[in-house]
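This report concerns only the one structure given below.
The values are calculated or read from the model by the stated rules, or taken from the named source; none is laboratory data. This structure is a prediction, so every number in the text was calculated from the model and none was measured. Every residue, glycine among them, receives a Cβ derived from its backbone with ideal geometry; neighbour counts consider all protein chains shown.
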Amino acid sequence: MELFGPPTILIVDDDRSNLESLSRVFHRENHKVLTAEDGAQALEVVRNERVHIVLTDLMMPGMNGVDLLRSVKAIAPESDVILMTAYGTVETAVEAMKEGAYDFVTKPFKRVEIVKCVRRALEKQTLVFENRALREELGRVRKERRIIGSSPALRRTFEMLEQVAPSSATVLLLGDSGTGKELFARALHEMSPRANRPFVAVNCAALPESILESELFGYEEGAFTGARRRKQGRFELAHTGTLLLDEIAEMSPATQVKLLRVLQEGEFERLGGTRVVQVDVRIVAASNRALRQEVKAGRFREDLFYRLDVISIRLPPLSERREDIPLLAQHFLQRYAAKNGKTIRGIAREAMDRMQDYSWPGNVRELENTIERAVVLVRGDVVTEEDLPESIRGSVHDRRSLTVPLGATLEEIELRLIHETLRLTKGDKRLAAQLLGTSTRTIYRKLEQEAQRDLPGRAVESGGEE
Ligand SMILES: Nc1ncnc2c1ncn2[C@@H]1O[C@H](COP(=O)(O)OP(=O)(O)OP(=O)(O)O)[C@@H](O)[C@H]1O
Ligand SMILES: [Mg+2]
């Protein structure tokens, strides 16, 4: 429980004079003080307000202090309960401690004693809160780091993701199959202020039209045969969080219309219902088809396209960032070796060369599957060419050509050219410099600059924390 503003203390006692004197004490401590004369009243308060500390008398008519403690713990487990007991009821107080009371004080007590006790409880709460925040932060960083790769193309994509994460703007993720759209959608959510709210994904291609609609928007009781009771849709489930609409190009025209309305007005009705449901959901849409072309072909609504295309991020295919292959291969090798209980030292040079030459139409997913298969097949402790599928073993990429995506910066192209040339010369920088018509010093300097720029943790690389 975070302590923004003054801590709130609820004092419960059937003895009015006690109630008044304790109120004065905690007013002087700058606490927000609430009072109740019995357990029922106290519970009303706890239900409606965030109360940090409940300071209650043990012996009260009606609901006693221990009953109140139990109820408070059920309604607001983060509140701490301190009991005030008369001499002779200490046994009961000890029982109460077992039930989760924070502490007890024995009457008659001194003012400082009770003030100290409350202060300790508040300090503990702050600590618990800070620890939780830290843990959540750590989890976020870990998840972020699951995105592996240090190529300029991937880094640029990741930077864009970081930039848009804080807002609630709609994001469109475009990229071929297996390029990491879902991974990036999750990372976006985890880097956003909605990280601790739900992340809900719907695959629009996997569900028939009628089911997709009821999944998205939910339905009222009796909306159709079999709708026995009201069901919330994914939009509602994702409220205050993020909704991933995967394979959005496969959505039927009728569903597209309904989606458009939610995007425009933030509201919809459940199937078979008339009540308008309002939601606050961040939409991430993903597709492996060029949506703009789908619009031209009349298969996707233009108005919906523009609603979704607020910020579009294109995930580069693996063949445009071959530099990432060794890193990714290593990452998957560690993951699958651990999963299969094998000790594998690494990947042989030739095997890595074949993988770097291959075109990877299935992108990262194909690479992942390839490594998993190799880990299962490998005999020794090194993955060799033998362990790769035929298609990859036979691949001899024309090492003399380089495909560059439009939109890449000159700096990036230059670096890729340097890396590819170095691959060709098997790391010989002098020879590479000759081929590129420049000096070895220039090559060193460019690589140095690149390494420097990568330093601040952005070399989104695995820490091997699988
Ligand atoms: N940069 C990356 N680092 C680590 N793992 C990755 C990376 N990119 C993709 N992967 C992994 O590759 C697999 C495929 O990624 P994902 O499912 O996100 O792709 P996709 O673009 O949604 O594919 P599809 O269009 O076929 O649904 C997943 O196991 C994912 O974890
Ligand atoms: Mg996917």
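For the range 1-90, please list each of the strands (runs of 3 or more DSSP E) lying entirely inside it that holds at least 2 residues being modelled with pLDDT of 90 or more and closer than 17 Å to residue 109 by Cα. Explain how you work it out, then say what you get.
On the way: elements: 8-12, 32-36, 53-57, 80-86.
Where strands (runs of 3 or more DSSP E) fall fully within the range 1-90 and carry at least 2 residues being modelled with pLDDT of 90 or more and closer than 17 Å to residue 109 by Cα, they are 8-12, 53-57, 80-86.
Which condition number does residue 366 fail, the rest of (1) more than 19 Å from residue 158 (Cα to Cα); (2) modelled with pLDDT under 90 being met?
Every listed condition holds for residue 366 apart from (2).
Please verify whether the range 393-409 includes one or more residues that are modelled with pLDDT of 80 or more, farther than 30 Å from residue 341 by Cα and of a type in the set (Val, Ile, Thr).
yes
Where residues in the range 346-376 are without any contact (Cβ under 8 Å) to a residue 60 or more places away in the chain and of a type in the set (S, T, N, Q), which of them is farthest from ligand 2 (Cβ to nearest atom)?
359
Where residues in the range 134-164 are of a type in the set (A, V, I, L, M) and at pLDDT 90 or above, which of them is nearest to the chain's Cα centre (by Cα)? Lay out the reasoning, then the answer.
To start, the set of residues in the range 134-164 that are of a type in the set (A, V, I, L, M) comprises 134, 138, 141, 147-148, 153-154, 160-161, 164.
Now narrow it down to the ones that are at pLDDT 90 or above: 153-154, 160-161, 164.
Numbers: 153: 23, 154: 19, 160: 16, 161: 13, 164: 14 Å.
Checking each candidate, the answer is 161.
State yes or no: is residue 438 hydroxyl-bearing (Ser, Thr, Tyr), within 19 Å of residue 402 (Cβ to Cβ), modelled with pLDDT of 85 or more and not in a helix (DSSP H, G or I)? Reasoning before the result, please.
Values: hydroxyl-bearing (Ser, Thr, Tyr): yes; within 19 Å of residue 402 (Cβ to Cβ): yes; modelled with pLDDT of 85 or more: yes; not in a helix (DSSP H, G or I): yes.
So residue 438 fits the description; yes.
Name the single residue, out of those in the range 332-354 being in contact with a Lys or Arg (Cβ under 9 Å, 6 or more places away or on another chain) and of a type outside the set (D, E, K, R), that is nearest to residue 393 (Cα to Cα). Don't jump to the end; show me each part of the working.
Just the residues of the range 332-354 that are in contact with a Lys or Arg (Cβ under 9 Å, 6 or more places away or on another chain), to begin with: 336, 351, 353-354.
Adding the requirement that they be of a type outside the set (D, E, K, R) leaves 336, 351.
On the way: 336: 21, 351: 8 Å.
Selected residue: 351.
Consider the range 367-382. How many of its residues are among the β-branched types (Val, Ile, Thr) and over 10 Å from residue 355 (Cβ atoms)? So that I can check it myself, show each step before the final result.
Taking the range 367-382 as the starting set, the residues that turn out to be among the β-branched types (Val, Ile, Thr) are 370-371, 375-376, 378, 382.
If we keep only those that are over 10 Å from residue 355 (Cβ atoms) as well, we get 375-376, 378, 382.
Adding up the residues that qualify gives 4.
Mind counting the residues in the range 313-327 that are more than 16 Å from ligand 2 (Cβ to nearest atom) and under 17 Å from residue 417 (Cα atoms)?
Of the residues in the range 313-327, the ones more than 16 Å from ligand 2 (Cβ to nearest atom) are 319-327.
Then drop every residue that is not under 17 Å from residue 417 (Cα atoms), which leaves 319-325.
Selection size over the range 313-327: 7.
Just need a number here: residues in the range 156-204 that are more than 20 Å from residue 307 (Cβ to Cβ), basic (Lys, Arg) and either buried (at least 22 other Cβ atoms within 10 Å of the Cβ) or more than 11 Å from ligand 1 (Cβ to nearest atom) (or both).
Summing the residues that are more than 20 Å from residue 307 (Cβ to Cβ), basic (Lys, Arg) and either buried (at least 22 other Cβ atoms within 10 Å of the Cβ) or more than 11 Å from ligand 1 (Cβ to nearest atom) (or both) in the range 156-204 gives 2.
I'd like to verify a number: residues in the range 282-302 that are among the charged types (D, E, K, R), at pLDDT 95 or above and in contact with a helix residue (DSSP H, G or I) (Cβ under 7 Å, 6 or more places away or on another chain), how many?
Looking only at that region, the number is 2.
Go through the range 185-209 and count every residue that is within 14 Å of ligand 2 (Cβ to nearest atom) and in a loop (DSSP other than H, G, I, E, B).
Residues meeting the conditions: 3.
If residue 343 satisfies all but one of (1) surrounded by 14 or more Cβ atoms within 10 Å (Cβ to Cβ); (2) touching a helix residue (DSSP H, G or I) at 6+ places or on another chain (Cβ under 9 Å); (3) touching a residue at least 12 places away in the same chain (Cβ under 8 Å); (4) not assigned by TED's automatic domain parsing to the domain that holds residue 159, what's the number of the condition it fails?
Residue 343 satisfies all of (1) surrounded by 14 or more Cβ atoms within 10 Å (Cβ to Cβ); (2) touching a helix residue (DSSP H, G or I) at 6+ places or on another chain (Cβ under 9 Å); (3) touching a residue at least 12 places away in the same chain (Cβ under 8 Å); (4) not assigned by TED's automatic domain parsing to the domain that holds residue 159 except (1).
Within the range 214-233, can you find the residues that are farther than 29 Å from residue 177 by Cα and either assigned to a loop (DSSP other than H, G, I, E, B) or not assigned by TED's automatic domain parsing to the domain that holds residue 185 (or both)?
Selection gives 220, 221, 222, 223, 224, 225, 226, 227, 228, 229, 230.
The conditions are (1) more than 16 Å from ligand 1 (Cβ to nearest atom); (2) in contact (Cβ under 8 Å) with a residue 40 or more places away in the chain; (3) among the aliphatic types (A, V, I, L, M), and residue 245 fails exactly one of them. Which is it?
Of (1) more than 16 Å from ligand 1 (Cβ to nearest atom); (2) in contact (Cβ under 8 Å) with a residue 40 or more places away in the chain; (3) among the aliphatic types (A, V, I, L, M), only one is false for residue 245: (1).
Return the only residue of 182, 236 being at pLDDT 90 or above, closer than 28 Å to residue 161 by Cα, assigned to a helix (DSSP H, G or I) and within 16 Å of ligand 2 (Cβ to nearest atom). Can you show your working first?
Values: 236 fails: within 16 Å of ligand 2 (Cβ to nearest atom).
Residue meeting the stated conditions: 182.
Of all residues in the range 9-39 being among the hydrophobic types (A, V, I, L, M, F, W, C) and in contact (Cβ under 8 Å) with a residue 40 or more places away in the chain, which is surrounded by the most Cβ atoms within 10 Å (Cβ to Cβ)?
In the first step, residues of the range 9-39 are kept if they are among the hydrophobic types (A, V, I, L, M, F, W, C); the result is 9-12, 19, 22, 25-26, 33-34, 36.
From what is left, the residues that are in contact (Cβ under 8 Å) with a residue 40 or more places away in the chain are 9-12, 22, 25-26.
Details: 9: 27, 10: 24, 11: 26, 12: 29, 22: 22, 25: 18, 26: 22.
Among them, the one singled out is 12.
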